[in-house]
1. Within the range A:266-283, work out how many residues are over 21 Å from A:ARG301 (Cα atoms) and free of Cβ contacts under 8 Å to residues at least 60 places away in the same chain.
2. Which count do you get for residues in the range A:199-231 that are buried (at least 16 other Cβ atoms within 10 Å of the Cβ), polar (S, T, N, Q) and in a strand (DSSP E or B)?
3. Here are A:ARG294, A:ARG238, A:ARG234: which of them is surrounded by 16 or more Cβ atoms within 10 Å (Cβ to Cβ) and assigned to a loop (DSSP other than H, G, I, E, B)?
4. Does A:ILE462 count as crowded, with 22+ Cβ neighbours inside 10 Å, hydrophobic (A, V, I, L, M, F, W, C) and away from ligand 1 (no atom under 16 Å from the Cβ)?
5. Restricting to the range A:522-550, give me the number of residues that are open to solvent by less than 20 Å² (accessible area, probe 1.4 Å) and more than 13 Å from ligand 1 (Cβ to nearest atom).
6. Please find, among A:ALA278, A:ALA284, A:ALA272, the residue that is crowded, with 18+ Cβ neighbours inside 10 Å and within 25 Å of A:LEU198 (Cα to Cα).
7. What number of residues within the range B:9-29 are in a loop (DSSP other than H, G, I, E, B), without any contact (Cβ under 8 Å) to a residue 60 or more places away in the chain and more than 7 Å from chain A (Cβ to nearest Cβ)?
Amino acid sequence: MKIGIYFCNCGSNIAEKISSEAIIAAAKTFPEQPYVTIVDFICSEDGKLQFEESLKLEQPDRVVVAACSPRDHEATFRRCLINAGMNPYLMQMVNIREQIAWVTEDPAVATEKAIGAVRGAVMRVTLQQPLEKKQLEVCPDALVIGAGPAGMKAALSLAEAGRSVVLVERTPFIGGLPVRFEELFPALECAPCMLEPLMGDLLHGDHAGNIELMTMAELVEVTGFYGNFIAKIRQKPRHVSLHECIGCGECVEACPAITMNVFNSNASERKAIDFAFAGVLPNAPFLMEEICLRYKAEECRACKDACPMGEDVVNLEEVETIVERRIGSIILATGAGLYDASQIAGMGMGTLPDVYDALQFERMLSSTGPTGGEIVTTAGNAPSSVAIIHCVGSLDDDHKPYCSGICCQYAFKFNHLITAKLPETTITHYHRELVVPGKEAHTLYKHAVKNKNSCMKRYDGIKDLAVTVDVSGQQQVSAKGDAAPADMVILCPAVIPAEGAGKLSALLDVSRDSFGFFRELHGRMDAAQSTIKGVYLAGACQEPMDTRSAMLEGMAGVGYTLAGLQPGRTLEIEPINAEVDETHCAGCRLCVSVCPYRAISFDTEHNASSINAVLCHGCGTCVAACPAGAITGHHFTNEQIMAEIEGVLK
Amino acid sequence: MTTEKGFEPKIIGFLCNWCSYAGADKAGGMQEPYPPNVQVIRVMCSGRVDPQFVLSAFEKGADGVIILACHPGDCHYKEGNCRALQRHSMLSLMLGQLGVEKERCRLDYVSAGEGEKFGRVIREMVEAVHKLGPLCLSQED
Ligand SMILES: Cc1cc2nc3c(=O)[nH]c(=O)nc-3n(C[C@H](O)[C@H](O)[C@H](O)COP(=O)(O)OP(=O)(O)OC[C@H]3O[C@@H](n4cnc5c(N)ncnc54)[C@H](O)[C@@H]3O)c2cc1C
Ligand code: FES
């Protein structure tokens, strides 16, 4: 086997400390009899050319490059090998610059250390094998779960890029939380109006044809892996054809069955067949089977008869279906909810009539909400005093230790909107910390501070506060015994992951953090990637955030999808990965338990583990764990590492 | 068999590619000399360090072995360093039974930015092994 050592002087950086003559002399004593070539700056254009020409001429079987850190130039020199017609994995680098020349005082000592390291590399490289990147056919299409700001933005942008997208939303409408709000911080923009163009494009725009929107749907099973997932989606019956319904509401008029509307926090009524609330998109009602008389064995078909668009629009026989879609990547955009404030003693949530959580109050403010946008107490009066309690369950080790980040901002939005509607009403903000970050949030904060009818009271812990009703029936908030009237109390509870996040996490195998939000692959570097390859995170399902960040995160998921999977291009699989030799696998499954990427599965039929090369990151943890030595870590095999150890110690 | 004059310990350092190896490069960039006794073997993750590598290093003449990993929670592969920690405790026990002082096999954490710490850890390790003297497995058997 012919081995070539390429020694880089790196100008004087290496040459000053390590004698190339000594390396040449030492190489003569190696049993492998490598040749040694000295280059001045091997990473320079001239140096690379010289290197490649020499490789072509000498045609070595293996190559050692003694130069700088492989972290700098391993990829560069691998390309040189390719240019010279060699397999790039037949090279080993020795870091004689950063780890020897620059940190060793005595040139004789440095030279001796370098000889040892080169010997190790020579012994290792003889055992290195040519490796090939495998190519895999992939599906460039995506599944987006959740049609809030993050999911809608992602779906539309992918569609604009020509990708087919399946957008799965479990409610009957799109728009997520903010479509239920009247106005948005920081600029008090009308929320449905802001979302309207996005929702319009999604439903009817030039690229809507690329989006398959499934409302009242949920993911039930996913198999496969990055590039080739198969998703099973449960489509619940709406009983109204989205394509044919014109949203006239005749069926709603005709329906005799009544219930409370969850989308208005159960503060208003709805019919069995009805819209979620006025103005929703898609503009079509949905039928609640549990309320419909027909499902109580009565012969009612009032809605169907009332429909002016014909027999086929309302389908009372429609049943649940499971559909299957092939996709390459998945964007999770399932959003957030609010911590249940009734869990916090003394807040009066659920026990006192005029205590509302922020989402309930958003609905009250909304013109499509239960009061048509009027701020009224349960007794039907405009409140003369309102208390807004911040940090309910946030920054609190007994509940949620984190700051939810958005609450102060919407609390000051409430201040503005209440004063606009009820100029005489006094507003007290009970807060622990005030968080109004960024370049825009301060305006609403300043407005609230300047508001002559409002005041700020700082409290230390939620236990210091109590919402009560006095003997005269006046609702009040007392802070350490100091009571003040509050006809209406609005709680700003901690933002928590949407209900069902746990189910999705189990289904997709993606990890969650201790608060239940989906865990990022890396909190800084890859905050929009989940722990499973090809599953991305967008919006408030990852942590509490405002709509601006949610939209941006949606775009981050789009970026990963577009960069990772391209139509007509195969997925390259890194050859530095691990592989199980089935014949030696004892079936202990230790590897399955140590793999951080769930890349290893156990094949009960063959009683052996098998590693999915797409999911394997090549860390080698399973290789070290395997008691039977049945796993090979390509390019870092036991034999290669042992040879290197032996070489450097000789 | 203790600190004979002129004894220069031979030490093998297993460094994970992402933090510790980068930390060693950082130390290089700072051009602050440290003892030359450690020969570095680069692995992708400290989780790749098979206990048999450590045993074989001792067998082939190393007087000490140091495994350097990313800080807990920072492993590029999420939890490889937890495995390294588990294996290291197991190794310490095993080496003890073989009569090898546990100071001869050290696990520590060096991040990509900790060039100064890398130098310090190497100095400490070399000093510790220097004090222990050469490892003579056949004699201790
Ligand atoms: C009280 C309150 C006031 C706020 N005010 C403002 C404001 O004024 N300005 C501002 O910028 N931000 C505001 N926010 C923040 C804003 O609501 C969020 O930033 C935004 O909702 C995040 O968008 P999203 O798409 O991540 O999630 P969401 O809006 O929560 O949307 C998630 C979507 O996913 C669906 N979904 C959930 N689980 C599943 C599942 N398993 N399968 C299918 N679909 C599912 C949901 O039904 C929903 O449609 C406020 C938040 C609250 C709580
Ligand atoms: S990559 Fe550094 S310890 Fe795993």
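1. Of all residues in the range A:266-283, those over 21 Å from A:ARG301 (Cα atoms) come to A:266-268, A:277-283.
Still in the list and also free of Cβ contacts under 8 Å to residues at least 60 places away in the same chain: A:266, A:283.
Number satisfying all stated conditions: 2.
2. Within the range A:199-231, residues that are buried (at least 16 other Cβ atoms within 10 Å of the Cβ), polar (S, T, N, Q) and in a strand (DSSP E or B) number 1.
3. Numbers: A:ARG294 fails: assigned to a loop (DSSP other than H, G, I, E, B); A:ARG234 fails: assigned to a loop (DSSP other than H, G, I, E, B).
Matching residue, one of A:ARG294, A:ARG238, A:ARG234: A:ARG238.
4. Values: crowded, with 22+ Cβ neighbours inside 10 Å: yes; hydrophobic (A, V, I, L, M, F, W, C): yes; away from ligand 1 (no atom under 16 Å from the Cβ): yes.
It is true that A:ILE462 is crowded, with 22+ Cβ neighbours inside 10 Å, hydrophobic (A, V, I, L, M, F, W, C) and away from ligand 1 (no atom under 16 Å from the Cβ).
5. The number of residues fulfilling the criteria is 4.
6. Details: A:ALA278 fails: crowded, with 18+ Cβ neighbours inside 10 Å; A:ALA272 fails: within 25 Å of A:LEU198 (Cα to Cα).
Going through A:ALA278, A:ALA284, A:ALA272 in turn, the sole match is A:ALA284.
7. Step one: filter the range B:9-29 for residues in a loop (DSSP other than H, G, I, E, B), giving B:9-10, B:17-19.
This time we only want the ones that are without any contact (Cβ under 8 Å) to a residue 60 or more places away in the chain, so: B:10, B:17.
Adding the requirement that they be more than 7 Å from chain A (Cβ to nearest Cβ) leaves B:17.
Residues in the range B:9-29 being in a loop (DSSP other than H, G, I, E, B), without any contact (Cβ under 8 Å) to a residue 60 or more places away in the chain and more than 7 Å from chain A (Cβ to nearest Cβ): 1 in total.
Residue-by-condition table, conditions (1) among the aliphatic types (A, V, I, L, M); (2) surrounded by fewer than 18 Cβ atoms within 10 Å (Cβ to Cβ); (3) within 28 Å of the chain's Cα centre (by Cα); (4) at pLDDT 95 or above:
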position	(1), (2), (3), (4)
A:LYS446	no, yes, no, yes
A:VAL469	yes, yes, no, yes
A:SER478	no, yes, no, yes
A:ALA494	yes, no, yes, yes
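The values are calculated or read from the model by the stated rules, or taken from the named source; none is laboratory data. Just so we're clear, the structure is a prediction, and the values are computed from it rather than from any experiment. Note that we place each Cβ from the backbone using ideal geometry, even for glycine, and neighbour counts take in every protein chain shown. Just the protein is used for accessible areas: all its heavy atoms, side chains included, with ligands, DNA and RNA removed. Shrake-Rupley method; radii C 1.70, N 1.55, O 1.52, S 1.80 Å.
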